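See structure below.
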Amino acid sequence: MGVSFLSTFPSLLPIARDSSLTTPRYPSRAVSISCNKIEIDVSDEGGLHRREVLKCFGATIGLELIGSSPSLVGIANAADLIQQRQRSEFLSNIKGTLNTAIKGNPDIIPSILTMALNDALTYDKATKSGGPNGSIRFSSEISRPENKGLSAALNLIEEAKKEIDSYSKGGPISFADLIQYAAESAVKATFLASAIRKCGGNEEKGNILYNAYGSNGQWGLFDRQFGRTDAEDPDPEGRVPIWEKASVKEMKDKFSAVGFGPRQLAVMSAFLGPDQNATEALLATDPDVAPWVQKYQRSRETVSQTDYEVDLITTLTKLSTLGQKINYEAYTYPVKRIDITKLKL
């Protein structure tokens with residue numbers, strides 16, 4: 001008998017944070033002033049220490065001169081690294097907020113997953129409209145039949161957004177980003193809970209097992225897709241099935257419309273309504289989907305769950321960017337300008 005992805009919500013425990021950096025947009029060139037690693041935080045309101053300045057004096061000079069010397073690509077790289085650090089730290093804090101919220105509401109995980117899926121599957125390839133743009137937050141969309149029961153998940157997102165916006169230095173986070181990152185946190189929480197169960201409920205051993213054998217590192221590409229823009233209006237009706245009432249054909253047709261096949265349909269079974277076991281039983285009746293359902297059920301019974309976890313992360317990453325143009329400078333903010341003539345070295 002297959003092991004359900006969402007079988008024991010009450011045992012969910014805190015999940016480890018992670019972060020990733022994006023790749024600099026500027027090519028490397030030889031310049032007289034450059035810095036490969038920035039160890040100072042020029043946005044720190046507490047001021048700078050002499051030792052910190054000495055560690056990366058070239059970057060300090062570059063940040064002071066960048067306005068008048070835009071051709072210095074090496075300096076642009078230094079500024080770019082600062083933006084990456086800003087985004088990475090902000091994303092880490094977001095995950096901490098979401099982790100805490102989900103830990104306190106483990107029963108809401110299925111709704112969070114379905115909400116992320118339904119927000120994304122409004123994407124229409126023909127018109128290049130819809131997708132994971134946060135439109136599900138509108139009352140006229142969240143109240144549609146396919147979104148029945150998702151209001152509690154949206155409430156959690158709204159409360160998390162208030163907290164996140166209160167500490168954001170680069171402007172409010174978009175619902176589009178927050179909904180997809182809530183799904184990531186929910187998935188991680190479930191995998192961690194599974195690892196803890198396999199260790200007889202021992203939290204410490206479960207964390208070690210998950211970090212040692214899990215696929216936490218596979219989230220790198222997902223984390224880089226940070227900077228979605230919110231829709232200004234609800235997406236058109238009729239684009240998302242009512243999952244618990246849909247036939248396998250209807251599910252296959254919807255997934256096919258956004259470029260997914262039976263493999264992706266099977267791996268996303270936990271997102272298709274409130275009861276994963278019922279969904280998988282239905283999917284197993286289809287000869288195209290059944291082999292994948294069985295493959296992932298077997299994978300979930302292993303210690304590492306590698307096949308299932310990697311395919312799930314890969315599919316969710318693609319789903320979370322359908323039709324979206326990512327702003328890789330989102331949530332960054334101007335750094336404090338430094339008057340080097342006043343530094344006491």
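Taking the conditions exactly as written (over 16 Å from the mean Cα position of the chain (by Cα) and β-branched (Val, Ile, Thr)), does Thr114 satisfy them or not? If you could, list the steps in order and put the result at the bottom.
Values: over 16 Å from the mean Cα position of the chain (by Cα): no; β-branched (Val, Ile, Thr): yes.
Considered against the rule, which asks whether it is over 16 Å from the mean Cα position of the chain (by Cα) and β-branched (Val, Ile, Thr), Thr114 comes out as no.
This table checks each residue for (1) crowded, with 21+ Cβ neighbours inside 10 Å; (2) within 15 Å of Pro132 (Cβ to Cβ).
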| site | (1), (2) |
| --- | --- |
| Asp165 | no, no |
| Lys169 | no, no |
| Ile173 | yes, yes |
| Lys188 | yes, no |
| Ile196 | yes, no |
| Tyr210 | yes, no |
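Please work out which one of (1) over 22 Å from the mean Cα position of the chain (by Cα); (2) more than 22 Å from Trp219 (Cβ to Cβ) is the condition Thr302 fails and give its number.
(2)
Considering only segment 269-288, state which residues are surrounded by fewer than 22 Cβ atoms within 10 Å (Cβ to Cβ), closer than 16 Å to Val187 by Cα and either at pLDDT 95 or above or under 22 Å from the mean Cα position of the chain (by Cα) (or both).
Scanning segment 269-288 gives Pro274, Gln276.
Here's the yes/no breakdown for (1) free of Cβ contacts under 8 Å to residues at least 60 places away in the same chain; (2) buried (at least 16 other Cβ atoms within 10 Å of the Cβ); (3) under 29 Å from Glu301 (Cβ atoms):
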position	(1), (2), (3)
Arg224	no, yes, no
Arg228	no, yes, no
Glu237	no, no, no
Val240	no, yes, no
Ser247	yes, no, yes
Gly259	no, no, no
Pro262	yes, yes, yes
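Taking segment 301-345 as the search range and keeping residues that are touching a residue at least 60 places away in the same chain (Cβ under 8 Å), out of contact with any Ser or Thr (no Cβ under 8 Å at 6 or more places or on another chain) and among the basic types (Lys, Arg), which one is surrounded by the fewest Cβ atoms within 10 Å (Cβ to Cβ)?
Lys344
Take the residues in segment 173-222 that are β-branched (Val, Ile, Thr) and in a helix (DSSP H, G or I), then tell me which one is nearest to Asp107 (Cα to Cα).
Our first condition is that a residue be β-branched (Val, Ile, Thr); within segment 173-222, this holds for 173, 179, 187, 190, 196, 208.
If we keep only those that are in a helix (DSSP H, G or I) as well, we get 179, 187, 190, 196, 208.
Numbers: Ile179: 17, Val187: 13, Thr190: 11, Ile196: 17, Ile208: 24 Å.
Only one residue tops the list, namely Thr190.
Among (1) closer than 24 Å to Ser304 by Cβ; (2) not in a loop (DSSP other than H, G, I, E, B), which single condition is Lys249 missing?
Of the numbered conditions (1) closer than 24 Å to Ser304 by Cβ; (2) not in a loop (DSSP other than H, G, I, E, B), the odd one out for Lys249 is (1).
Just need a number here: residues in segment 133-169 that are among the small types (Gly, Ala, Ser), in contact (Cβ under 8 Å) with a residue 12 or more places away in the chain and under 23 Å from Pro241 (Cα atoms). Talk me through it step by step, then tell me what you get.
The first filter runs over segment 133-169 and keeps only residues among the small types (Gly, Ala, Ser), leaving 134-135, 139-140, 143, 149, 151-153, 160, 166, 168.
Now narrow it down to the ones that are in contact (Cβ under 8 Å) with a residue 12 or more places away in the chain: 134-135, 140, 149, 152-153, 160, 168.
Retained after the next criterion (residues that are under 23 Å from Pro241 (Cα atoms)): 134-135, 140, 149, 152-153.
Counting residues in segment 133-169 that are among the small types (Gly, Ala, Ser), in contact (Cβ under 8 Å) with a residue 12 or more places away in the chain and under 23 Å from Pro241 (Cα atoms) gives 6.
The values are calculated or read from the model by the stated rules, or taken from the named source; none is laboratory data. Computed from a predicted model, the values in this text were never measured in an experiment. When we count neighbours, we look across all protein chains shown, and the Cβ atoms used for this are built from the backbone with ideal geometry, even at glycine.
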